[in-house]
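No value in this document is a laboratory result; all are computed from the given coordinates. This structure is a prediction, so every number in the text was calculated from the model and none was measured. Cβ sites come from the backbone with ideal geometry, for glycine too, and all protein chains shown count toward neighbours.
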Amino acid sequence: MDTFKNLIVILMSSVLVNNYVLSRFLGICPFLGVSKKLGQATGMGVSVIFVMLIATLVTWPIQHYVLDPMNLGYMQTIVFILVIAALVQFVEIVLKKFMPALHKSLGVYLPLITTNCAVLGVTINNITDGYNFVESIVSSLGCGLGFLLAMVLFAGVRSRLDESDVPECFKGLPVTLIAASFVSLAFFGFAGVVDNLFA
Amino acid sequence: MMSILTALLVVAAVGLIASVLLTLAAHFLHVDEDEKAKLIRECLPGANCGACGFTGCDSYAKALADGDAKANLCVPGGADTAGKLSEILGVAVEAVEAKVAFVHCNGNCEAAPQKMIYDGTHSCKTASMLYGGPNACRFGCLGCGDCAAVCPAHAFCMQDGIAHVDSRACMGCGACVSACPKHLITLVPRAAKTVVMCSNTEKGAVARKNCRNACIGCKKCELNCPEKAITVTNNLAAIDYDKCNGCGACVELCPMHCLKTADFSA
């Protein structure tokens, strides 16, 4: 029961409290770039969940069965980048061959995420936080869900922004960044939620 | 020394495994892309304007390769592209009717009074939601430039409160046609010689009151056109561009000066 509770806490905290985009400010590039339309934002979010999961599936064993025994912990970043980039390419090829429909909906986004810092951040944080394999997977799932949530919320905010009368000097990126900071502030309200989830 | 070597070897090994995996995957899981579609795509201008009715050049190329589309739909590419495409597909060349966007309104600041002072968002879409916009004429151009905002060729300019198209820059994609909340813009053939400068379908007296340049539906043009190219329906003149030979009789006769001789040849 305790393990289950623990997993729920990890999931909730990575979705809400440590939201990768809105609290840790990782993956801002796709967050600002692809959040103009709800459809695209959802597509990107789902792709990120997918990539985060498979990246963790591979990098966790590499860290614990290859790098750690050889005292090569400091090579983590380089090896992870290499592995994730190759993996995403590989998955893209596989999807194209065996699941063309899925490739059509995710295909555009996969290359964009290949070297995304949010994906790298998740895999590295899973190691630094000392999670075991199952916890790492749950944490990646949570981070991906958090990314999707942020994207979908912000797509809504942006569609409202498009129709509002913005002062000339704030038009475009400035007002988008300000709006993003408001959404981010709102997410800081979740800070105490997880500690009291099972209290 | 040893530690550097192991690090080097491990990273090299990981890189090697990844590259072998990718090479194998690329070889064994290769998906044949339609060569024809690729060739076709190279001929298309890549403006992704959507004038062909498909979502972009890529999907048009695919539709062409599958034989689901005609080769003469690319407006920006014009006759050149149509010729190349027909060659690839092995079909007879069909001429592209080059088109150009035209704003059917001449209700400039001087001619068209305003019924209120509008101080909201500078957008035709929003302005027209408030009692149809500030113009007294409910058909007229609002001049906020929604058309200019969507135009990929930057062919629009706002002058005297109405939109004008630079026919040399316009590539005829029709993005503005759907952006105009007043439906004032249509794609007319580049060969058109005379155009109607109004879209008002109200009765003559009402139209006249709301704009001094409005078509009042007097039918003078219809009756006097030697080619019978003009018909007045719903108090508004319309020109059959195929029949019109640009003699200019109607332009001189029109009491409201809302017929104009046009030259869209780019």
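A compact table of results
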item: Number of positions in segment B:204-242 that are hydroxyl-bearing (Ser, Thr, Tyr) and in contact (Cβ under 8 Å) with a residue 24 or more places away in the chain; result: 1
item: Residue within segment B:4-21 that is more than 9 Å from every other protein chain (Cβ to nearest Cβ) and touching a Ser or Thr at 6+ places or on another chain (Cβ under 7 Å) present; result: no
item: Residue pairs meeting the criteria (Cβ under 8 Å; at least 6 apart or on separate chains; first within 12 Å of chain A (Cβ to nearest Cβ), in segment B:113-125; second outside any loop (DSSP other than H, G, I, E, B) and of a type in the set (D, E, K, R)); result: B:Ser123/B:Asp146; B:Lys125/B:Asp146
item: Positions within segment A:183-199 being without any contact (Cβ under 8 Å) to a residue 24 or more places away in the chain and either outside any helix (DSSP H, G or I) or more than 19 Å from the chain's Cα centre (by Cα) (or both), in sequence order; result: A:Gly189, A:Gly192, A:Asp195, A:Asn196, A:Ala199
item: Residue list for segment B:119-135, filter: assigned to a loop (DSSP other than H, G, I, E, B) and polar (S, T, N, Q); result: B:Thr121, B:Ser123
item: Residues within segment B:136-186 that are over 14 Å from B:Gly50 (Cα atoms) and outside any loop (DSSP other than H, G, I, E, B), tallied; result: 14
item: Candidates B:Ala163, B:Ala262, B:Ala237, filtered to the one that is under 17 Å from B:Ala112 (Cβ atoms), surrounded by 22 or more Cβ atoms within 10 Å (Cβ to Cβ) and not acidic (Asp, Glu); result: B:Ala163
item: Long-range neighbours under 7 Å by Cβ, at least six apart or interchain, first residue within 14 Å of chain B (Cβ to nearest Cβ) and more than 13 Å from A:Asn126 (Cα to Cα) within segment A:52-78, second of a type outside the set (A, V, I, L, M) and part of a helix (DSSP H, G or I); result: A:Leu67/A:Gly73; A:Leu67/A:Gln76; A:Met70/B:Thr6; A:Leu72/B:Thr6
item: Sole exception among (1) loosely packed, with under 15 Cβ neighbours inside 10 Å; (2) assigned to a loop (DSSP other than H, G, I, E, B); (3) of a type in the set (S, T, N, Q) for B:Asn200, by number; result: (1)
